Amino acid sequence: MRTAYDTEFERLLDAARELLGVGDDARLGEANQRINEALCLRPDSVDGWLVKCQVASATGDDMAALAAAEMAARRAPNRAETMYWRGAVLGDLGRHREALRAIEQAFREVTVDDHWILEDLFYEKVTILDALGLHDAAVACCEAGVARCPGSALLRAALVPSQWARVRSSLKVLRGGQT
């Protein structure tokens, strides 16, 4: 844990991330409070809105998560992570065509610094394609994901038909990336 912060905003943002990362639902209210305080200090922070999206998603408030994702996307429409979260939340809301467009845009926006999000992008796209009934496209996407992310146990597991149902049920919103 970092102990010295340049600003109160950074301290609050980091506190919200840490509370979210604990994986304890009882701490999500506190994470939400911290991120709200941070956003009061910097309402134009893309990272702040992305953390807000993740906290709202973790609490099951998909509408608040979408609102936060939209706030981030308006501020950074060419950032892969903002489009990823927008797509993930739209997928959770059953708005699969919109979700697919956002995920495809995220793929177009990936830079060399975004390699950490590739597995999540492939994962989300596989889920959306499957939800749309495009099973062959989902498998092809999964294969492409394994080619780009050869260390991905989850993408590999998704290619095994006997494991597909288990993997499918675990793909609601991915929380593996850091903002």
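Values as computed for the structure displayed
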| item | result |
| --- | --- |
| Of all residues in segment 58-83 being small (Gly, Ala, Ser) and part of a loop (DSSP other than H, G, I, E, B), the one that is nearest to Ala16 (Cα to Cα) | Gly60 |
| Any hit, segment 34-50, residues being under 30 Å from Ala137 (Cβ atoms), hydrophobic (A, V, I, L, M, F, W, C), touching an Asp or Glu at 6+ places or on another chain (Cβ under 9 Å) and not in a loop (DSSP other than H, G, I, E, B) | yes |
| Options Arg101, Arg11, Arg17, Arg86; residue that is over 22 Å from Trp116 (Cα atoms), of a type in the set (Lys, Arg) and assigned to a helix (DSSP H, G or I) | Arg11 |
| Those residues of segment 20-79 which are on the phi > 0 side of the Ramachandran plot and hydroxyl-bearing (Ser, Thr, Tyr), in sequence order | none |
| Among the candidates Ala16, Ala106, residue that is assigned by TED's automatic domain parsing to the domain that holds Glu124, buried (at least 17 other Cβ atoms within 10 Å of the Cβ) and modelled with pLDDT of 95 or more | Ala106 |
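The values are calculated or read from the model by the stated rules, or taken from the named source; none is laboratory data. Everything quoted here is computed from the prediction, not taken from an experiment. Neighbour counts run over all protein chains shown; Cβ positions are idealised from the backbone, glycine included.
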